[in-house]
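Okay, so here's the structure we're looking at.
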Amino acid sequence: MKKEVLLAIIIGITLGLIIMAGVKFNSIKSFITSDEKQATIADAVSPTPTSTITPTPKSTYAISIISPENESIIETSSFDLIGKTSPLSTVVIIAEEDEIILQSGPQGEFETSVDLIGGENIIEITSYDSQGGEAKTNLTLTYTTADI
C-alpha cells in the first residue's frame, strides 16, 4: 500500500508541474504577442520622432596646482600652495584646520601659505570665475616629522 501512495504522489506532482509549465508558457507567449501588436499599432498611428542630441561643450575653465605635487610628503607644518586658474577668480582653499579665500592675479596665478595637521591632509581647492564657472581639485599631502 505504501508503493501505491508514493506512486500517486509522484504522478500528482508531475502532472502539476506539467500544467504549471503550460500556463506559464501560454502567459509568456500572450505577453510577447501583445507587445508586438501594441508596437505595430503605435507605429501605424504615429511614427516615433527622432531627435538629435548635441553634446554640451566641455568647459575650458580649470584649476591647476603648480606646487606642491599631489600625494607629497611635507616635513613642515606649513607650506606654500602655488596654482593657476582663470584671471581674477575667487579661489577657496579648505584644509583640515584652515579656510582661505583669495583672488587670483591678472594672469590667473595664486599663492598662499596653508597649515597642515599631522598625518594625511586633504586640501580642497575651488575656483569661481565671474561668469559663474567653477573648477575644483583636491590635493592630498602627508605631514610628518619623522626622518625619511
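So here's what we get for this one:
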read-out: Sites matching trypsin sites (Lys or Arg not before Pro) across region 54-146 that sit in DSSP coil, with at most 15 neighbouring C-beta atoms within 10 Å; value: Lys58
read-out: Contour minus Cα-Cα distance for Ile74 and Ile18 (0.36 nm per residue); value: 12.8 nm
read-out: Base-10 log of normalised Debye intensity for region 64-143 (one unit scatterer per alpha-carbon) at q = 0.11, 0.12, 0.23, 0.26 Å⁻¹; value: -0.26, -0.30, -1.03, -1.26
read-out: Pair Asp147, Ser67: separation of 7 Å Cα→Cβ label points (nm); value: 2.7 nm
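We did not get these values from a lab; they are worked out from the coordinates using the rules stated. Predicted model only: the values in this text are computed from it and were never measured. A quick note on method: Cβ atoms are made from the backbone with ideal geometry, for glycine too, and the neighbour counts reach across all protein chains shown.
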